[in-house]
Each structure stands twice: as C-alpha cells, then as structure tokens.
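The values are calculated or read from the model by the stated rules, or taken from the named source; none is laboratory data. Bear in mind the structure is a predicted one, so any value in this text is a computation, not a measurement. Glycine also receives a Cβ, built like all others from the backbone with ideal geometry; neighbour counts cover every protein chain displayed. Side chains included, ligands, DNA and RNA excluded: accessible areas come from the protein's heavy atoms. Shrake-Rupley method; radii C 1.70, N 1.55, O 1.52, S 1.80 Å.
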Amino acid sequence: QVQLVESGGGLVQAGGSLRLSCAASGGTFSRYAMAWFRQAPGKEREFVAAISWSGSTYVADSVKGRFTISRDNAKNTGYLQMNSLEPEDTAVYYCAARWRFVVTTPEYDYWGQGTQVSVSS
C-alpha cells in the first residue's frame, strides 16, 4: 500500500512559480509511475503531467513549456515545478501513483489528499 502526501501549494501572483512535492511511503517508489492531476471547482479532474518508473515524462499541452515533472527515487519524492503561473492554473493538485507505466487518465491506484494552488491576476 502506497501513501502519498503533497505539499508546496499556496497563493501566488500570475507569472510566479511554485514547486509541488509528493512524498511517497509504503512501497518501492522507484518502480511506480507518478502523475499530477488537477481539479478546479465545477470541472473534471485533469491530467497535468506524469513520469514513468524509468524517467520518461509526459506533459499536458496546456502546461507544456511552463511545468516540469521530476522525481528523486532516493528521497521517494516526486516534484512538479510550475513556472509562469496563470489564473487558469488555479485548482487542487493531486499526485497519483500506479505500477510502472504512465497513463494520462485517472486510472491510478494511489492518490494523495491534494494541495490547493491559487493564482491571482
């Protein structure tokens, strides 16, 4: 059983940056794919970025060039670096994990509790 805990959310002005962290425990983190999803009020959960167990990355077109996903297996932690933030990025951000391979739909076995990101104009 994998437990995921996100941190790093907050309030930032448009154009600013935040780095989200996702700390994992209870499993062999290096063998899991990890992803970030977000959900704004009244909207469906949306894929943001993912990284496979081998380090291949996938990023949604809406954040490409602004967001970067990475992982540190020695620390059992994944990251989402968010630059040039826009008000449209305001949402609750969730990290998720599944065995080895990435999918861009919410078919992940483990989820964190979410962290709020708010971007003011």
Checklist entry - Can you name the number of the only condition in (1) crowded, with 20+ Cβ neighbours inside 10 Å; (2) over 17 Å from Gly10 (Cα atoms); (3) in contact with a helix residue (DSSP H, G or I) (Cβ under 9 Å, 6 or more places away or on another chain); (4) at pLDDT 95 or above that Met82 fails? => result (2)
Next on the checklist: Looking only at the range 84-103, how many residues end up being more than 12 Å from the chain's Cα centre (by Cα) and under 17 Å from Thr57 (Cα atoms)?
Outcome noted: 6
Next on the checklist: Which count do you get for residues in the range 52-67 that are buried (at least 16 other Cβ atoms within 10 Å of the Cβ) and over 16 Å from Ala91 (Cα atoms)?
Outcome noted: 4
Checklist entry - For Ala49, are the conditions met, namely being over 23 Å from Gly27 (Cα atoms), touching a residue at least 24 places away in the same chain (Cβ under 8 Å), surrounded by 18 or more Cβ atoms within 10 Å (Cβ to Cβ) and not β-branched (Val, Ile, Thr)? => result no
Checklist outcome for this item: Of the residues in the range 1-46, those that are open to solvent by 60 Å² or more (accessible area, probe 1.4 Å) and β-branched (Val, Ile, Thr) number 2
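Per-residue answers, yes or no, for (1) in contact with a Phe, Trp or Tyr (Cβ under 6 Å, 6 or more places away or on another chain); (2) among the β-branched types (Val, Ile, Thr); (3) within 22 Å of Ser25 (Cβ to Cβ):
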| position | (1), (2), (3) |
| --- | --- |
| Gly55 | no, no, yes |
| Asn76 | yes, no, yes |
| Tyr79 | no, no, yes |
| Ala96 | yes, no, yes |
| Thr104 | yes, yes, no |
Next on the checklist: Quick check on the range 2-9. Is at least one of its residues farther than 24 Å from Ser118 by Cα and part of a loop (DSSP other than H, G, I, E, B)?
Outcome noted: yes
